[in-house]
Amino acid sequence: MVSHIHNWLTRMAPGTVAREYLAVGVMSSGMPIRIPVTLVKGASAGPCLWVNGQVHGNELNGVVAAVQFGCGLNPARLSGTVVITPTANPLAMDSRMKTAPQDLQDLDQTFPGNVVGLLTHRLAAALFDEVRSVANCLVNLHTMGSVNESKPYSVYKSFPGSTVSEAQLLRMMAFFEPSVACRMDVGGAGELPGNIAGALDYQCLALNIPAFMVELGQGSWYTHENVALAVTGLRRLAQYLGIVPAGTVTGPVHRTLRRVTRRQWVMNRCGGLFLTDCLAGQIVPKHQPLGRVLDLYGQEQEVVTLANDAIVIGMRRDPVVHTGDRVAFVATQWDTCTIVDDKV
Ligand SMILES: [Zn+2]
């Protein structure tokens, strides 16, 4: 298999930047379907960090963070390579939608992709074949949906038999100062229906490439502080990997992470107006209200509570709800992990 990125990097002079496109297909109008990629080749050899800004087209903070991180790198001072794909889902981004309107497939459920499949499957394959050939570490940036507020947090998975350890992933994720680090059950418990094993980070773990997700707040929205946190996290990670020189960036000072091992969506029973009683990041004791649903005469129809204590990961801020809408995303089981500094 030909790796375009491997070939481009081989031809680049040390200490330079290249801006390319990965060709995927053609629209009916003749417009090319392609994934933009920035290659930053260091002055000396070293590992390759891949930053993917977006798999879901309406999740924008990661796109900005990936671009800004790339622009802040000085290739003359790097040892190794940084590959940046600000968006892996350009048709979805252009359409301000989570998924490409052509096939409505969730890109982060389709890896490793299929070169003869639906358009989204082809996008996945175009990206993943390149990741497979060059990446030593990958960060996949996301946000929650447009109706939810949340604090930045991270998500990771465990692939049976992978050489990538949970301690390694926790070490790397801590650089982003996540409010919680969620260990996601690939079997799907607590999650929405879908092929979670088709996630980019999970498929990287299958190839022994350390990979995880960072969730940067609300979709369809630019949040300066979340972008700044992600850029700092990426710089810390690049420093940890030895790609940027030691002393470039400091922190974080916290040596622990709140690890979530069980989480769930909370759905409402009554339609109406959902008004939250709490904030993202807050711990809500059991039987205390997460929020309440009023009808359009102002009469309270439902108080939404949980049988367990919970950390609010995401809270709905769009009050219009029908029966069975998602009003909150919560952690119901967590502990505190100490970060261990074992090298990759
Ligand atoms: Zn996403």
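The values are calculated or read from the model by the stated rules, or taken from the named source; none is laboratory data. Quick caveat: nothing in here was measured; it's all calculated off a predicted structure. Every residue, glycine among them, receives a Cβ derived from its backbone with ideal geometry; neighbour counts consider all protein chains shown. Areas reflect the complete protein model, heavy atoms only, side chains present, ligands, DNA and RNA absent. Shrake-Rupley method; radii C 1.70, N 1.55, O 1.52, S 1.80 Å.
Odds and ends about this structure:
- Within region 142-166, residues that are within 19 Å of residue 92 (Cα to Cα) sit with their Cβ atoms under 6 Å from residues that are of a type in the set (Gly, Ala, Ser) and part of a strand (DSSP E or B), at 6+ positions apart or across chains, in these pairs: 144/150; 144/314.
- For region 330-344, the count of residues that are of a type outside the set (S, T, N, Q), over 25 Å from residue 252 (Cβ atoms) and either open to solvent by 60 Å² or more (accessible area, probe 1.4 Å) or at pLDDT 95 or above (or both) is zero.
- The condition of being small (Gly, Ala, Ser) and either within 16 Å of the ligand (Cβ to nearest atom) or under 15 Å from the mean Cα position of the chain (by Cα) (or both) holds for only one of 126, 167, 174, 135, that being 174.
- Test: residue in region 129-138 that is surrounded by fewer than 21 Cβ atoms within 10 Å (Cβ to Cβ), within 19 Å of residue 207 (Cα to Cα), of a type in the set (A, V, I, L, M, F, W, C) and in contact with a helix residue (DSSP H, G or I) (Cβ under 8 Å, 6 or more places away or on another chain): yes
- Here region 54-86 is the region considered, the condition is being assigned to a loop (DSSP other than H, G, I, E, B) and in contact with an Asp or Glu (Cβ under 9 Å, 6 or more places away or on another chain), and the residue that is farthest from the ligand (Cβ to nearest atom) is 57.
- Selection from region 100-117 of residues that are within 16 Å of residue 196 (Cβ to Cβ) and within 14 Å of the ligand (Cβ to nearest atom): 105, 106, 107, 108, 109, 110, 111
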